[in-house]
Amino acid sequence: TLYDSVRGAGKRLMLPSTDGEGTVSDELTSFNDGGFTIDTDNFQNENGKDYVAWCWKAGGAAVTNNDGSGTSQVSANQEAGFSIVTYSGNATGSATSAVWQTIGHGLGKTPKWIVFKSRSYGDADTHWANYHVGVTDANTDYVVWDTTEARIQTDVNYMGSTLPTSSVFSLGYNFTTNKGSENYVAYCFSEVKGYSKFGTFKGNGNADGTFVYTGFRPAWFVVKRTDASNNWRTFDAKRSPFNEVDKRLYLDSSAAESTGSDIDFLANGVKMRNSDNGMNTSGGTYIFLAFAESPFKNSRAR
């Protein structure tokens, strides 16, 4: 379940569901100074069950942003490279029209990872679309959080064949990002040296696996194969405080945590420890997302 302070406590989106936003009163009930409050619902608080929460700090109350052709509400933490953006779709742009809607993201720096989700419309066409700088032709191709599919190719209507800038991202006519009169949320991340890293690597098919440089010891690491179908594998230093980091969850599945011989978190990156095709098959192409355990940069996000 996903919540943010711009949409408000009790406004729930879910993975791997493509449903729109739901309003609930017995789940996450408030965002607090230093934490959050949950109620009795079994999604977050079933008696005796174990849970994990991954939290990012944005910039407080949202403000109106008019940097783009469309107005957005933005809470941005530029120092940590994270913003929460809400906006309305207008269905502009097509394969033959370059009149795209642009939306301000508030980061002051070009994002390398953006997650889009329709809030008010939910069906099989409204995926959790991910822009990632490591995806081939990232201005037309996107990867989807809610499925195991490889990258979805050549949709000019996704971001209007236009890469994000330091102030805006662009949108074509795509239900996932810009359906007319629908409401959307976007989570935007720019890279901060010593705190966050978004990139790509090739697998080597060896148990003495590929090393992925991040420049820090990760607290949170996600890997996804983009040249073939496979899961979004998610690791963190709380569930696996010591190497091997072997407890994984899948963003594209509601399955419980599984355990395997997977990776090591090192002082400057991640070392693959198996030849699994979801992480390290020979010649496989992968994207990753990583955030630091102890940021070298003094960040409000710590």
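Within the range 141-160, the presence of at least one residue that is of a type outside the set (A, V, I, L, M, F, W, C), touching a Phe, Trp or Tyr at 6+ places or on another chain (Cβ under 7 Å), within 26 Å of M279 (Cβ to Cβ) and not in a loop (DSSP other than H, G, I, E, B) is confirmed.
Taking every residue in the range 205-228 that is free of Cβ contacts under 8 Å to residues at least 60 places away in the same chain and at negative phi and pairing it with any residue that is assigned to a loop (DSSP other than H, G, I, E, B) and of a type outside the set (S, T, Y), at least 6 positions away or on another chain, the pairs with Cβ-Cβ distances below 8 Å are Y213/N268. Screening T285, T259, T281 for residues that are under 29 Å from A80 (Cα atoms) and among the β-branched types (V, I, T) leaves exactly one candidate, T285.
Within the range 12-27, the residues that satisfy the criterion of being within 20 Å of the chain's Cα centre (by Cα) and without any contact (Cβ under 8 Å) to a residue 40 or more places away in the chain are R12, M14, G22. Determine whether D264 is over 24 Å from R151 (Cβ atoms), modelled with pLDDT of 95 or more and among the acidic types (D, E). Criteria met by D264. Scanning the range 139-171 for residues that are aromatic (F, W, Y) and open to solvent by 30 Å² or more (accessible area, probe 1.4 Å) yields no hits at all. Being modelled with pLDDT of 90 or more and in contact with a Gly (Cβ under 6 Å, 6 or more places away or on another chain) is the requirement here; does N66 meet it? Considered against the rule, which asks whether it is modelled with pLDDT of 90 or more and in contact with a Gly (Cβ under 6 Å, 6 or more places away or on another chain), N66 comes out as no.
Taking the criterion of being free of Cβ contacts under 8 Å to residues at least 60 places away in the same chain and within 20 Å of the chain's Cα centre (by Cα), the residues of the range 45-73 that qualify are Y51, A53, C55, A58, G59, G60, A62, S72.
Scanning the range 176-211 for residues that are open to solvent by 60 Å² or more (accessible area, probe 1.4 Å) and touching a His at 6+ places or on another chain (Cβ under 9 Å) yields one hit, T200.
Considering the range 159-181 alone, what residues qualify as being aromatic (F, W, Y), in contact with a helix residue (DSSP H, G or I) (Cβ under 6 Å, 6 or more places away or on another chain) and under 12 Å from F116 (Cβ atoms)? Answer for the range 159-181, where residues must be aromatic (F, W, Y), in contact with a helix residue (DSSP H, G or I) (Cβ under 6 Å, 6 or more places away or on another chain) and under 12 Å from F116 (Cβ atoms): there is none. Cβ-Cβ contacts under 7 Å between residues 6 or more apart (or on different chains), taken from a first residue in the range 278-302 that is within 23 Å of S261 (Cβ to Cβ) and at pLDDT below 70 to a second residue that is part of a strand (DSSP E or B) and open to solvent by 10 Å² or more (accessible area, probe 1.4 Å), are absent.
The values are calculated or read from the model by the stated rules, or taken from the named source; none is laboratory data. Because the structure is a prediction, the values reported are computed rather than measured. In this analysis, Cβ positions are derived from the backbone assuming ideal geometry, glycine residues included, and neighbour counts consider all displayed protein chains. Please note that ligands, DNA and RNA were not included when accessible areas were found on the heavy atoms of the full protein model with its side chains. Shrake-Rupley method; radii C 1.70, N 1.55, O 1.52, S 1.80 Å.
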